[in-house]
1. Measuring from centroid to centroid over Cα atoms, what is the spacing of region 1-56 and region 257-275 in Å?
2. Could you pull out the pairs from LYS74/LYS409; LYS80/LYS330; LYS241/LYS409 whose alpha carbons sit more than 31 Å apart here?
3. Of SER9, ASN217, VAL292, which is farthest along the charge dipole of the chain in the positive direction, counting Lys and Arg as +1 and Asp and Glu as -1 at C-beta?
4. For region 248-325, build the charge dipole from Cβ charges (+1 Lys, Arg; -1 Asp, Glu) around the Cα centre, then report which of SER252, SER308, GLY321 sits farthest towards its positive end.
5. Put +1 on the Cβ of each Lys and Arg and -1 on the Cβ of each Asp and Glu in the chain; which of ALA383, GLY107, VAL415 then has its Cα farthest toward the positive end of the dipole?
6. Can you tell me the 0 to 90 degree angle between the C-alpha axis of helix 372-387 and the longest principal axis of the chain, rounded to 10?
7. Please give the charge dipole size of region 213-366, origin at the Cα centre, charges +1 on K and R Cβ atoms and -1 on D and E Cβ atoms. Round to the nearest 20 debye.
8. Is region 151-262 rounded, prolate or oblate when judged by the Cα gyration tensor, a ≥ b ≥ c being the square roots of its eigenvalues, rounded requiring a/c under 1.5 and prolate requiring a/b larger than b/c?
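The values are calculated or read from the model by the stated rules, or taken from the named source; none is laboratory data. Not measured: the values here are computed from a predicted model. A quick note on method: Cβ atoms are made from the backbone with ideal geometry, for glycine too, and the neighbour counts reach across all protein chains shown. Each accessible area value is taken on the protein alone, full model and side chains, heavy atoms only, with ligands, DNA and RNA left out. Shrake-Rupley method; radii C 1.70, N 1.55, O 1.52, S 1.80 Å.
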Amino acid sequence: MKVKVISRSTDEFTRERSQDLQRVFHNFDPNLRTQEKAVEYQRALNAAKLDKIFARPFIGAMDGHIDAVSCMAKNPNYLKGIFSGSMDGDIRLWDIANRRTVCQFPGHQGAVRGLTASTDGSTLVSCGTDCTVRLWNVPVATIMDSDNSSDCSSEPRAVYMGENAFWAVDHQWNGDLFATAGAQVDIWNHNRSQPVNSFKWGTDSVISVRFNPGEPNLLVTSASDRSIILYDLRVSSPARKLIMRTKTNSISWNPMEPMNFTAANEDCNCYSYDARKLEEAKCVHKDHVSAVMDIDFSPTGREFVTGSYDRTVRIFQYNGGHSREIYHTKRMQRVFCVKFSCDASYVISGSDDTNLRLWKAKASEQLGVLLPREQKRHEYNEALKNRYKHLPEVKRIVRHRHLPKPIYKAGVLRV
């Protein structure tokens, strides 16, 4: 006769070291765990509440400019660096990690309207209302990390004169050309003092220009006559033109889907378009209550950040009609420029009150190094919230945002 006995190996439940966690074995049979759904729902509710408790998106302000911050540019070769230009002609290179100025580039006699960095991050291109385009040498990372910024070059490498004021500039993602926007669209080379090509369609001034991240010869511009125009450098004439109801202040391409771009419009909305089918917008992104001044996509292509004249910064999903996050402070005035950091973890905004502000892209994200257990816990909470997001209580808590009273009232009136 066979006798069945319960036997187990001590290696399966014994800790190897005293610091190790006790091994706990679960039986996931639903018949044994009748309250599992209720427990999970309560955990999802708690996770949503904890997110609100730990939501501290504002990290700090970077003070130094003495006039409104008008434009910003990322350094594609250096994660911690960001350039900013102000209305008094001052250009600064910031170290985001330490929130300090590393280098200044004086020279412009009027407002700096456009900044962009070359593909390798070694050259900064600036333009402004003083009708000049200036090329600057960017300090190397070793100078950025040191406390001594005396090695920083303050003289421009080249100065190119134009006939009219420049309103925007953008560099090819992969190449040596950059484009300026003003009375017309000019294409420049680093080594030539005159434009290699010029485009014009209509009589109004062009206010923004963006190169396509996937196709180096394709660029999109917006003009003060409410038009959005696609240009191809391989042909001598503009490719497509779209007339909006109101003026478009800024445009950004989706870096992961380079055929799509989103336009920040004067009518408080953002419009996502497919460049191959401009007849109608793919998505309309609403929530701002005043003109949207700037827009920038996350490197992941899944979301973008907008800055508005209503003194708020909002983050939208690339296919979402409403913002998932709104950032504001009592001191922050009209936001003229916004940028996602190159690692998609932070958002930088520049506003009328001369400050750059650093925000977390996820308001309740824990900064610093996470232990594997903490990381798993965060992922588990996110999965729970996603699973129960349709239930009224969880939905209400996750969606709730505190708004300043003027913005709340203006939003009610717009509805």
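1. For region 1-56 versus region 257-275, the Cα centre distance is 47 Å.
2. Those over the limit are LYS74/LYS409; LYS241/LYS409.
3. Of SER9, ASN217, VAL292, it is SER9.
4. The one lying farthest along the dipole's positive direction is GLY321.
5. Result: ALA383.
6. For helix 372-387, the angle is close to 90 degrees.
7. 180
8. prolate
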